[in-house]
Every structure is written in structure tokens, then in C-alpha cells.
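The values are calculated or read from the model by the stated rules, or taken from the named source; none is laboratory data. These numbers come from a predicted model, not from an experiment. For neighbour counting, all protein chains shown are included, and Cβ atoms are generated from backbone atoms with ideal geometry for every residue, glycine included.
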Amino acid sequence: MTKSVFQVTFPVRFADCDPDGIAFYPRYFEMINNVVEEWMASMDWSFGYLVKELGDGLPTVNIDCQFLSPSRLGDQLNFTLKVLKLGQSSLTVRIEAMNNGTLALGTTNVLVYRTESKVIPKLLRERMTDYLHES
């Protein structure tokens with residue numbers, strides 16, 4: 001069975017940059033969250049549905065981030081996301097951003113599905129399994 005890797009591209013915008021036109025590192029964390037949000041939407045589990053309709057959440061509780069190469073205003077960052085570990089209520093994802101073939105950013109994030117039942121819903125868990133790349 002072929003495992004999926006989620007992919008999305010975001011431009012480095014003016015608001016993302018310092019006065020020299022280089023992406024300011026805190027803005028990467030917003031981009032990382034946007035990657036997770038887009039991934040969830042691709043599985044028909046949008047943050048609007050997650051938060052507004054279900055009253056649940058998916059906060060990041062730990063993040064290990066390496067800034068490997070600068071990105072500049074106008075660059076297109078190609079993000080990928082894959083699941084490294086899928087537990088009952090949490091998951092670990094690897095997110096990387098490529099900029100013109102160069103790895104610009106790498107993160108390993110632990111996310112916790114926040115819900116009354118304290119477990120990831122079965123349907124969502126099945127969809128997440130498609131992205132599972134356990135080592």
C-alpha cells in the first residue's frame with residue numbers, strides 16, 4: 001500500500017518578512033499551523049468543523065524546528081506533511097518546506113486531539129492512517 005504525503009505550497013509574503021525581505025522565523029510557525037489546517041481540510045475535517053461544530057481542537061503541544069536555509073519575499077515554499085506516529089489521542093507529524101529544491105525548514109510536531117472522549121475519532125483516525133510513515 002502506497003503511503004500518502006500531504007503537499008501544499010505557500011508564498012512568502014511581505015507580512016512574513018523582516019525589513020531585509022527574509023522570512024522572519026516566527027512566521028514559519030503560522031505557516032506550519034496552516035499546513036496542518038490545510039491537511040485536516042483535505043481529509044474533510046476542517047478546523048471550522050473541528051472547532052465550531054464538534055467543539056474539539058488539535059493543538060500543537062511540542063515542536064522541534066530546524067531553520068536550514070533562508071526564504072525570501074516571493075519565494076514559493078513547498079510543504080510536505082507525513083505522520084510518523086499515530087496514538088489514541090495524539091500524533092507526531094514531520095513537516096518540511098522546500099524552497100527551489102533546498103530544504104528550508106524541518107519540524108517534528110506532536111499534536112493532541114482535544115475532545116471529551118480523549119481519543120481521535122475513528123473516521124479521522126482512518127484518514128490519518130493513509131499518511132502514516134512509521135519508521
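Residue check: is P70 more than 25 Å from E134 (Cα to Cα) and within 17 Å of the chain's Cα centre (by Cα)?
Numbers: more than 25 Å from E134 (Cα to Cα): yes; within 17 Å of the chain's Cα centre (by Cα): no.
Criteria not met by P70.
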- Going through segment 104-127 in order, the residues found to be part of a strand (DSSP E or B) and either among the acidic types (D, E) or closer than 30 Å to D75 by Cβ (or both) are A104, L105, G106, T107, T108, N109, V110, L111
- segment 46-74 residues that are hydrophobic (A, V, I, L, M, F, W, C), paired with ones that are in a loop (DSSP other than H, G, I, E, B) (beta carbon under 7 Å, 6 or more apart): L50/D56; L50/L58; L58/Y113; L73/V12; L73/G21
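Conditions tested, residue by residue: (1) touching a His at 6+ places or on another chain (Cβ under 8 Å); (2) closer than 21 Å to D44 by Cα; (3) of a type outside the set (V, I, T).
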{"residue": "E96", "(1), (2), (3)": "no, no, yes"}
{"residue": "L105", "(1), (2), (3)": "no, no, yes"}
{"residue": "L111", "(1), (2), (3)": "no, yes, yes"}
{"residue": "S117", "(1), (2), (3)": "no, yes, yes"}
{"residue": "I120", "(1), (2), (3)": "no, yes, no"}
{"residue": "R125", "(1), (2), (3)": "no, yes, yes"}
{"residue": "M128", "(1), (2), (3)": "no, yes, yes"}
{"residue": "L132", "(1), (2), (3)": "no, yes, yes"}
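For the structure I just gave you, tell me whether L77 is at pLDDT 95 or above, under 20 Å from P11 (Cβ atoms), assigned to a strand (DSSP E or B) and over 15 Å from the mean Cα position of the chain (by Cα).
no
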- Query: In segment 1-53, which residue that is of a type in the set (K, R) and closer than 24 Å to E126 by Cβ is modelled with the highest pLDDT?
  - Reply: K52
- Task: Report yes if some residue within segment 27-42 is aromatic (F, W, Y), surrounded by 16 or more Cβ atoms within 10 Å (Cβ to Cβ) and more than 20 Å from T107 (Cα to Cα); otherwise report no.
- Result: no
- Item | Identity of the residue in segment 5-29, touching a residue at least 12 places away in the same chain (Cβ under 8 Å) and part of a helix (DSSP H, G or I), that ends up farthest from the chain's Cα centre (by Cα) | F14
- Give the residues of segment 80-121 that are over 16 Å from the mean Cα position of the chain (by Cα), surrounded by fewer than 18 Cβ atoms within 10 Å (Cβ to Cβ) and of a type in the set (A, V, I, L, M), sorted by residue number. V119
